[in-house]
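The values are calculated or read from the model by the stated rules, or taken from the named source; none is laboratory data. The structure displayed is predicted, hence computed values, not measured ones. With ideal geometry, Cβ positions are generated from the backbone for all residues, glycine too; neighbour counts draw on all protein chains shown. Surface areas here come from the heavy atoms of the whole protein model, side chains and all, with no ligands, DNA or RNA. Shrake-Rupley method; radii C 1.70, N 1.55, O 1.52, S 1.80 Å.
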Amino acid sequence: MSDTTRRPRKPGKPYRRPKKDPVRVLAFEALRAVDERDAYANLVLPPLLRKAREQGDFDGRDAALATELVYGTLRWQGTYDAVISACVDRPLREVDPPVLDVLSLGVHQLLGTRIPTHAAVSASVELARVVLGDGRAKFVNAVLRKVAQDDLDGWIQRVAPPYDDDPEEHLAVVHSHPRWVVSALWDSLGGGRAGIERLLEADNERPEVTLVARPGRATTEELLGEEAAVPGRWSPFAVRLAEGGEPGAIEAVRDGRAGVQDEGSQLVALALANAPLDGPDEKWLDGCAGPGGKAALLGALAAERGAMLLASEKQPHRAGLVAKALAGNPGPYQVIAADGTRPAWRPGSFDRVLVDVPCTGLGALRRRPEARWRRRPEDLEGFGPLQRELLRGALESVRVGGVVGYATCSPHLAETRAVVDDVLKQGGAGELVDARPLLPGVPELGEGPDVQLWPHLQGTDAMYLALIRRVG
């Protein structure tokens, strides 16, 4: 056929601009902030949602979906990575991080929500067109269509090794935790398969919002008058909000008379405040006070007894947060920026001392799911010496007969019993006090004398507490 007789080419489809979905774009922006800036979703997401509401882009259902997409994708990242790896023709590390975020959001919609398959794929491809471009959107489409061929249980059967062959890796893939975290939690928890599975499942559940009514400033009765509020389980000052409850909408929270605080943290402060003392009970110290939740509760409890609280925090900006939390405290208090490893006060100055030390945060994976992927085993080497120095400083700061509370939001044995045992063996001049009677009504507290709380047993963060009386 000659050029003059060749049929004219059919015109291609006209270009269609991608449809911008505000919910999924916001979720993608939050995931990028977590990845690029090492931000925490619980800090990044609220301002993004607030801005979207102010712009008129969001209603309550949109905010709920965006929140589920962000937190669900972060919680299940390990499992979803294993699924995506089985559907791409290159190592996962060679997939650009923004592309991987879009894929992970899509996989969560396919495997972790009730969004219909066609809607999950098409919405994810549209998102890819908006934030990545048409070329990479085709890659997203191809991968998600492979993922859509099976459900979550089917994919786990494919990508997780059998339990009998490799128990830790099986649990890591099934419950979306790094293998080293599974191993560490299992060591701390002890026991067989049932307990560790319950713990890992609890880590992947959306935690309740728990409030604290600060004594002398608010009451649980006042908070229970709020919509969706129910009593706490263990702390007399705790109130839980049912799903959808918004703390910022509560007047007592806005005023600082109440705060958001997990019951595990409340129980740590209460146990220290109620520990038996020999001698006076006039001066209390919170030696690692930032950001101020425990300090605010301790300050209120101290005020009821006519005691004074000194709240010390090394970082000046965090000391500012402590001052804000304590503002309006009914009794005397002082906030300073000081290093607890080099006390700015005379030895033996205090009757009660709390050190809630910096740690890996493995006890709060329900609230900060990204921490499980951000932490590394070598982080323990950095925290360990600091934790020991802070505990030594606390024991030097308390008088003979006084009590120190050593607390961490990590159940890792290297951050809990190993620290306490090392300091006491190396001349820490203290003896352990049984903390269990100071948490009345709380079940399954173990053999003591220290206490390890668990999400699956007490419904709290995995807080650890050892009470130590200074003896010489």
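With axes computed from alpha carbons, what is the tilt in degrees of helix 293-304 against the longest principal axis of the chain, rounded to the nearest 10 within 0 to 90?
Approximately 30 degrees, to the nearest ten.
Where the only charges are on Cβ atoms (+1 Lys, Arg; -1 Asp, Glu), what is the dipole of the chain about its Cα centre, to the nearest 20 debye?
Details: 60 positive and 66 negative charges, 406 e Å.
Dipole about the Cα centre, nearest 20: 1940 debye.
Under the Karplus relation 6.51 cos²θ - 1.76 cosθ + 1.60, θ = phi - 60°, what is the ordered set of whole-Hz ³J(HN,Hα) values for the range 214-228, x standing for Gly and Pro?
Result, ordered by residue: 6, x, x, 10, 8, 10, 5, 4, 4, 5, 5, x, 7, 5, 6 Hz.
At a 1.4 Å probe radius, carbon and sulfur cover how many percent of the accessible area of the chain? Don't skip to the answer; put the middle values down first.
Details: 10770 of 21730 Å².
Heavy-atom surface of the chain belonging to carbon and sulfur, 1.4 Å probe: 50 percent.
Can you give the angle from 0 to 90° between the axis of helix 193-203 and the longest principal axis of the chain, with both taken from C-alpha atoms, to the nearest 10?
80
Over what distance in Å are the Cα centres of the range 435-472 and the range 304-331 separated?
One Cα centre to the other: 25 Å.
Sequence-distant or interchain residues sharing an amide H contact under 5 Å with L354, placed H: which?
L285, D286, G287, G405
May I ask which residue of V182, W373, F28 lies farthest towards the positive end of the charge dipole of the chain, with charges of +1 (Lys, Arg) and -1 (Asp, Glu) on Cβ and the Cα centre as origin?
Of the listed residues, the answer is F28.
Evaluate E = 1/(1 + (r/R0)^6) for D281 and A142, where r is the Cβ-Cβ distance and R0 equals 56 Å; express this FRET efficiency to the nearest 0.05.
Calculated transfer efficiency: 0.25.
Here are several values of Kirkwood radius over Cα pairs in Å: (1) 25.3; (2) 22.5; (3) 24.4. Which one was derived from the coordinates shown?
(3)
Report Rg/Rh for the range 211-263, rounded to two decimals, where Rg is the Cα radius of gyration and Rh the Kirkwood radius.
Using Cα coordinates only, the ratio equals 0.90.
List the residues, sorted by chain then number, that are 5 or more residues from M463 or on another chain and whose placed amide H is less than 5 Å from its amide H.
L453
Calculate, in nm to one decimal, what R374 and E431 gain on full extension: separation in residues at 0.36 nm each, minus their alpha carbon distance.
Full-extension gain reported as 17.0 nm.
Just going by the charge dipole of the range 135-246, with Lys and Arg at +1 and Asp and Glu at -1 on Cβ, which of V212, L224, F139 is farthest out on the positive end?
F139
Only helical DSSP H runs with n ≥ 4 go in: add -39500 (n - 2.57) per run for the chain, normalise by residue count and round the 222 nm mean residue ellipticity to 500 deg cm²/dmol.
Roughly -14000 deg cm²/dmol at 222 nm, from the helical runs in the chain.
Taking H placed 1.01 Å from N in the peptide plane, check which residues at least 5 places from V400 or on another chain put their amide H under 5 Å from its amide H.
Amide H neighbours of V400: none.
Within 10 Å of each candidate Cβ there may be at most 16 other Cβ atoms; applying that plus a DSSP loop requirement, which trypsin sites (Lys or Arg not before Pro) in the range 270-354 survive?
For trypsin sites (Lys or Arg not before Pro) across the range 270-354 that sit outside H, G, I, E and B with at most 16 neighbouring Cβ atoms in 10 Å, the list reads R305.
Let me confirm the definition first: pairs of Lys residues in the chain, 8 or more apart or on different chains, C-alpha distance under 30 Å. How many are there?
Number of lysine pairs found: 22.
Over the range 247-375, what relative contact order in percent results from Cα pairs under 8 Å that are six or more residues apart?
So the answer I get is 26 percent.
Counting only GluC sites (Glu not before Pro) that are in a DSSP loop and have at most 10 other C-beta atoms within 10 Å, tell me the longest site-free stretch of the chain.
My reading of the result: 1-242 is the longest stretch.
HN-Hα J couplings of the range 116-128 from phi, Karplus 6.51/-1.76/1.60, θ = phi - 60°, integer Hz, Gly and Pro as x?
Couplings: x, 4, 4, 6, 5, 5, 5, 5, 5, 5, 5, 4, 4 Hz.
Note down the nm distance, to one decimal, between modelled labels 7 Å out along Cα→Cβ at R206 and at E381.
For the pair R206/E381, the computed spacing is 4.0 nm.
Which three lengths, in whole Å and largest first, does the range 136-215 cover when its Cα atoms are put on their principal axes?
Taking max minus min along each principal axis of the Cα atoms, the range 136-215 gives 57, 38, 19 Å.
Could you give the nm distance between label points at T113 and E246, where each point is 7 Å from its Cα heading toward the beta carbon?
2.0
Any chance you could run the full-extension gain for L152 through D164? It's 0.36 nm times the residue separation minus the Cα-Cα distance, nm to one decimal.
Extra length available between L152 and D164 comes to 2.3 nm.
Separation of the range 54-108 and the range 142-213 by C-alpha centroid, Å?
If you average the Cα positions of each part, the centres end up 17 Å apart.
Can you compute the label reach from R61? Point 7 Å from Cα along the Cβ direction, backbone N cut-off under 20 Å, restricted to the range 218-255.
Flagged as within label range: 243-246.
Counting only heavy atoms of the protein chains, get the accessible area per residue of the chain (1.4 Å probe) and round it to a whole Å² value.
46
Spelling out what I want: for every residue of the range 72-85, take phi, set θ = phi - 60°, compute 6.51 cos²θ - 1.76 cosθ + 1.60 (Karplus), and round to whole Hz; glycine and proline get x.
Calculated HN-Hα couplings, in order: x, 5, 5, 4, 9, 4, x, 5, 5, 4, 5, 5, 4, 4 Hz.
How far, in degrees from 0 to 90, does helix 97-111 lean away from the longest principal axis of the Cα atoms of the chain, to the nearest 10?
Result, in degrees: 90.
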